[in-house]
2 protein chains.
Amino acid sequence: MLLSERVRIALADDITSGALGPGADLDEQELADRFGASRTPVREALRHLASVGLVEIRPRRGVVVASLSQDQIVDMFEVSAEIEVICVRIAVNRMNMLECSQLWRLHEESEAMIGNAAVDAYDRFNYSFHEAIYRATHNSFLAIQALALRERMAAFRRAQLRAANRTSQSRREHEHILNAMRRGDGEEAARCMRVHMSNAFSAFGRYLESPKADGNV
Amino acid sequence: MLLSERVRIALADDITSGALGPGADLDEQELADRFGASRTPVREALRHLASVGLVEIRPRRGVVVASLSQDQIVDMFEVSAEIEVICVRIAVNRMNMLECSQLWRLHEESEAMIGNAAVDAYDRFNYSFHEAIYRATHNSFLAIQALALRERMAAFRRAQLRAANRTSQSRREHEHILNAMRRGDGEEAARCMRVHMSNAFSAFGRYLESPKADGNV
DNA sequence: GATGATTTGTACGTATGTATA
DNA sequence: ATATACATACGTACAAATCAT
């Protein structure tokens, strides 16, 4: 694999996991030293991260981890919800039995992950669950776009999961979605997904208000 | 402005305008000579174009203008249609009177651009028209995403407009959309937009079959 | 406001991996 | 299968701009 790819993946992990918080500046030379590389592949990795919105490049002034205003986050949540609704509606019409059963299996496995102790495990499951829906659309382009947006919002999603009882409620909502999907009721599945996303957003809002609402995240 | 930015914009124009066709290979040194720059900024421009999907980088094997399979194009059209539908539905709920009147003004100006003689002018109008709808959503993130996708599909959109009578039909469809929007009927506007996008796609399909259907575009 | 230090932007050379003969 | 040619990937050096003093 290319060195620039390795750097990019490592940095993306650090950002989406929260190890590198919003606003943290990313010195090219420092990163190069850390990865035992030169500045060239580091630069290419940073440019790529900028194109997917994880970092912000201020020409000749350095690169920082993207920090979004509340308005921007609200906008992203809205788009994210609409995309998820589209995906589930299309998936209902196109998924095959294997894909449907895989979704149920994932859902069943998630039963062991409810509760605030296993938020990280539930977060990973949640990622797989939604990704499975994306794939069930049989539209690769849509799946890639949806996945990219989810990746970009990883930090916020994790935050909302930590709200009180959110994991167990999230799992119940998943079940409603799956039941509608199994019946082939696309409109009902879409409605359930909309509710699911709306609740996630509300939980994120409560999270924002509790610790410190400084307007940026 | 940064040199790499200038190169990127120039190349993006060449690709979306069709001057550089799908599959054309983009030699770093050659481009560097053409722009009077070194390979470094050219490389960064190419990386950026790859991230928005306009070119394809095959590691250590060179960069070519992206050439999409028919399946990929179908997928993109589908996503594009869904995005447009979302935008118009949201726009109906959020646009103000100024934005509404601007849409109508644009629409009226387009009357002079129907017919196959003015396809380029109509294409530019069409871009502005849909962009105005994006902005009327008052969701910057959505507007940016929608615009990026439209840019990426610029070549295909131009192609479908050249189908017989497509401009005049397109304009009529715009009028239906605008009438529903003015009435504040989001669902009807969404339906009209879906029809509009579907017809554009059909026109593109006819275009694909006529000259040479080699599977790639 | 000027000057030095630091960091990015650009240029260029070398090495590595790919494709072709 | 081996070797050769080639373009890219990476490293290094310099130039230019920003910032700190």
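Values for this structure:
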| read-out | value |
| --- | --- |
| Helix axis angle, A:70-94 relative to chain A longest principal axis, alpha carbon, degrees | 50 degrees |
| Nearest-20 debye value, region A:70-209 charge dipole, Cβ charges on Lys, Arg, Asp, Glu | 140 debye |
| 7 Å along Cα→Cβ, label-point gaps from residue B:206 to other copies, nm, shortest first | 5.5 |
| Cα long-axis angle, helix A:39-51 against chain A (0 to 90 degrees, to the nearest 10) | 40 degrees |
| 7 Å along Cα→Cβ, label-point gaps from residue A:17 to other copies, nm, shortest first | 4.7 |
| Using alpha-carbon coordinates, inclination of helix A:166-183 to the longest axis of chain A, degrees | 50 degrees |
| 3J(HN,Hα) from dihedral phi, region B:127-142, Karplus parametrisation 6.51/-1.76/1.60, rounded to Hz, x for glycine, proline | 4, 4, 4, 5, 4, 5, 5, 4, 5, 5, 6, 6, 10, 4, 4, 4 |
| Three-way shape call for region B:3-65 based on the alpha-carbon gyration tensor, with the a/c threshold at 1.5 | rounded |
| Whether the protein assembly as shown is rounded, prolate or oblate, judged on the alpha carbon gyration tensor where a/c under 1.5 counts as rounded | oblate |
| Rounded if a/c under 1.5, otherwise prolate or oblate - chain A, Cα gyration tensor axes | prolate |
| For residue B:55, residues with placed amide H under 5 Å, excluding near neighbours | B:50, B:66 |
| Ordering of A:65-71, B:108-114 by packing [mean C-beta count within 10 Å, highest first] | A:65-71, B:108-114 |
| Residue closest to axis [chain A; rotation mapping onto B; Cβ; Å] | A:51, 2 |
| Per-peptide average of other Cβ atoms within 10 Å, ordering B:116-125, B:47-56, B:157-166, B:92-101 highest first | B:47-56, B:157-166, B:116-125, B:92-101 |
| Relative contact order of chain B, pairs being alpha-carbon contacts under 8 Å that are 6 or more residues apart, as % | 23 percent |
| Label 7 Å beyond Cα on the Cβ vector: residue A:36 copy-to-copy distances, nm | 4.3 |
| Rule-of-thumb Rg ratio for region A:99-139 [Cα; 2.2 N^0.38 Å; N residues] | 1.21 |
| Residue (of A:52, A:65, A:32) at the positive-pole extreme of region A:3-65, dipole from beta-carbon charges | A:52 |
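Throughout, read-outs are computed from the coordinates displayed, never taken from laboratory work. What you see is a predicted model; the values in this text were computed from it and never measured. In this analysis, Cβ positions are derived from the backbone assuming ideal geometry, glycine residues included, and neighbour counts consider all displayed protein chains.
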